[in-house]
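The values are calculated or read from the model by the stated rules, or taken from the named source; none is laboratory data. From a predicted model like this one, the values you see are computed outputs, not experimental measurements. Here Cβ is always computed from backbone atoms with ideal geometry, including for glycine, and neighbour counts include all displayed protein chains. Quick note on the areas: whole protein, heavy atoms, side chains included, nothing else; ligands and nucleic acids left out. Shrake-Rupley method; radii C 1.70, N 1.55, O 1.52, S 1.80 Å.
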Amino acid sequence: MSRRNAGAEAAPYLITDTEALVALCTRLRAERFVTVDTEFMRERTYWPELCVVQLAGDNEVAVVDALAPGIDLTSLGELLADEAVMKVFHAARQDVEIFLLRYGAVPTPIFDTQIAATVAGFGDQVSYDQLARSLANAQIDKAHRFSDWAARPLSPAQIAYAAADVTHLRRIYTGLTTKLEREGRTAWVAEEMAALAEPATYRQDPDTAWEKLRPRTTNRRFLGLLRAATAWREREAQRVNIPRGRLVKDETLLEIAATAPESVGDLSRARGISEGFAKGKSGASLLAAIQEAKALPESALPEAPKERANGANPSPALVALLKVLLAAKSEEHQVAPRLLANSEELERLAAGETELAALQGWRREVFGEAALDLRAGRVALGVDGRKVRLIQA
């Protein structure tokens, strides 16, 4: 390990042993906030393989080799759990998922600069590169974005690239928090961080995974078979540790739910299912899951989403008006539209649903109340100069 460097722009150094990591984490636990990032590999596995952890405080930037022989990452978990130190990430979801899997808890407290930037008016899904240019006057070298982070030794260029992800993040964080405080939006961001800190955000329930395939049917028997097949894929992918799409593709699951295979021969005729797979352990367990779903009574089968199940399809014209209102409100408040509501929520809102994120908390204040008024005919949309305005009906 290289010796610690002092100074706000200290050169990054590599940590490869437990003693050095413990010393680093002890120092960082005295900081007000620490910036954090990870590099991992997931292309060939279901579970992410943590390869590198980057950490930065006021006076040092360290790159921790998580694959170094014999290194114990316990002290890192203690730092991440220290409630006196804010942990700052950019696009935190995958990083947080890795730490949740390793330590059984989400880092706390937590701040995601990508989410905060959408609240602060930097647009939808703003990148780290964009924020680094805007708030840290820095240019990010993207040359090692697709590095094999599991290969050893790490090159000096890889170490420098990894360190940059937390070095500039310090100024991004301070710039964003200053802007949010000035504009009175810290409470808005706090709501978003609360959701990010919830472990359930990162845990896929195998029995609800079928909903992501968005089947276009109300046939409950089909949906029951799809639920069973999709839940089987989730658990089997976890068991053998390969990506779910590499095990069985989405379109194959839909075909299996439609054909309800009875035998190895039936299963092997599905697109993407080989005879060897159908005859093997995975094929046998998939067929067992299908047979179990076939035996379920009607009352135990899932229902289609409400707007399809009850035939209350929303008016396309009303959805279009809500989209205009969304654009107007996001422009007025300088908030990314997708943070207020997505297309599915607008359709559900137009169909009369009320259990929506867009109608809760600060989103209701900024957009939801006006959307309800528009849906009820209490207001209309008009044009005032170059801006869309609400007009009392």
> In what order, largest first, do 239, 233 sit by accessible area if the probe radius is 1.4 Å?
Replying inline: 239, 233
>> Once you keep just the Cα pairs under 8 angstrom separated by 6 or more residues, what percentage relative contact order results for segment 317-393?
In response: 27 percent
> Ignoring ligands, DNA and RNA, what percent of the 1.4 Å accessible area of segment 122-187 is carbon and sulfur?
Replying inline: 52 percent
>> For residue 90, what residues show an amide H to amide H distance below 5 Å, using hydrogens built from the backbone and excluding near sequence neighbours?
In response: 113
> Which ³J(HN,Hα) values in Hz, rounded to whole numbers, follow from the phi angles of segment 332-342 under the Karplus curve 6.51 cos²θ - 1.76 cosθ + 1.60, where θ = phi - 60° and Gly and Pro get x?
Replying inline: 4, 9, 6, 10, 4, x, 5, 6, 7, 6, 9
>> Please report the antiparallel percentage of DSSP beta bridges with both residues in the chain, rounded to the nearest 5.
In response: 65 percent
> Accessible area per residue of segment 236-360 at 1.4 Å probe, in Å²?
Replying inline: 53 Å²
> Bin by bin, in steps of 5 Å, what percent of the Cα pairs in segment 296-390 do you find, going until the bin that has the longest distance?
Replying inline: 2, 13, 23, 23, 16, 9, 6, 4, 3, 1, 1, 0, 0
> Using the beta-carbon distance between residue 284 and residue 59 and R0 = 56 Å, what value does 1/(1 + (r/R0)^6) give for FRET efficiency, to the nearest 0.05?
Replying inline: 0.45
>> For the chain, what does the helix formula give at 222 nm: sum of -39500 (n - 2.57) over DSSP H segments with n ≥ 4, over the residue count, nearest 500 deg cm²/dmol?
In response: -13500 deg cm²/dmol
>> Please compute the length gained on full extension between residue 45 and residue 214, using 0.36 nm multiplied by the number of residues separating them and subtracting their Cα-Cα distance.
In response: 58.4 nm
> In whole percent, how big is the carbon plus sulfur part of the accessible area of segment 44-91, probe 1.4 Å, protein atoms only?
Replying inline: 48 percent
> What do the square roots of 5 times the Cα gyration tensor eigenvalues come to for the chain, in whole Å, largest first, as semi-axes of the equivalent ellipsoid?
Replying inline: 40, 35, 16
> Top mean-square fluctuation among 379, 53, 106, Gaussian network model of the chain, C-alpha springs under 10 Å?
Replying inline: 379
>> What Kirkwood Rh does segment 220-309 have if only Cα atoms enter the pairwise 1/r average? Answer in Å.
In response: 13.3 Å
> Going by a ≥ b ≥ c, the root eigenvalues of the Cα gyration tensor, does segment 142-282 fall in the rounded group (a/c under 1.5), the prolate group (a/b larger than b/c) or the oblate group?
Replying inline: oblate
> What is the distance in Å between the Cα centres of segment 123-144 and segment 217-255?
Replying inline: 37 Å
